[in-house]
Amino acid sequence: MKVTKGIINTFEQYMKAKEREHQLLAALYDWMNAQGIDTMDNEFADAIAVRIGNNEFNSSEHFFSDLQRFIDGEQVGYG
């Protein structure tokens, strides 16, 4: 197996993107927790968290709409 500088650079870019993604998700979860949303709850995981991880929200409007519906007690996502 020949590991080239190009593939090493590609992997390093991928790792930087994943780190940035982690920072953004942490900020989003911090915000939700500050709003009183229990992000450790199984219902939250089924309704929102898994879908964040799977990139199932196609816009911020879609995300916040489903989040509000979840807060209002509606069943969304896989719940």
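The values are calculated or read from the model by the stated rules, or taken from the named source; none is laboratory data. In this text, all values refer to a predicted model and were calculated from it rather than measured experimentally. In this analysis, Cβ positions are derived from the backbone assuming ideal geometry, glycine residues included, and neighbour counts consider all displayed protein chains. When the accessible area is computed, the model is the full protein with side chains, heavy atoms only, and any ligands, DNA or RNA have been set aside. Shrake-Rupley method; radii C 1.70, N 1.55, O 1.52, S 1.80 Å.
How far, in degrees from 0 to 90, does helix 5-34 lean away from the longest principal axis of the Cα atoms of the chain, to the nearest 10? The helix 5-34 is inclined about 20 degrees to the chain. Taking all C-alpha pairs of the chain, those more than 20 Å from each other amount to 42 percent. Each of Ser59 and Ala17 was given a label point 7 Å from its Cα along the Cα-to-Cβ line. The distance between the two points is 2.4 nm. Of Asp66, Asp30, the order by accessible heavy-atom surface (1.4 Å probe, DNA, RNA and ligands excluded), from most exposed downward, is Asp30, Asp66.
Per DSSP H run of n ≥ 4, the term is -39500 (n - 2.57); total these for the chain, divide by its residue number, and report the mean residue ellipticity at 222 nm rounded to 500 deg cm²/dmol. Value at 222 nm, helices only, nearest 500: -19000 deg cm²/dmol.
Of the accessible area of the chain, computed with a 1.4 Å probe over protein heavy atoms only, carbon and sulfur atoms account for 54 percent. For the range 31-79, the per residue solvent-accessible surface stands at 65 Å², with DNA, RNA and ligands left out and a 1.4 Å probe. A DSSP coil position with no more than 15 other Cβ atoms inside 10 Å describes the following trypsin sites (Lys or Arg not before Pro) in the range 1-36: Lys2.
With a Förster radius of 35 Å applied to the beta-carbon distance between Asp41 and Lys2, the computed FRET efficiency rounds to 0.15. Taking the 0 to 90 degree range and rounding to the nearest ten, how far is the long axis of helix 60-71 tilted relative to the main principal axis of the chain, both from C-alpha atoms? For helix 60-71, the angle is close to 40 degrees.
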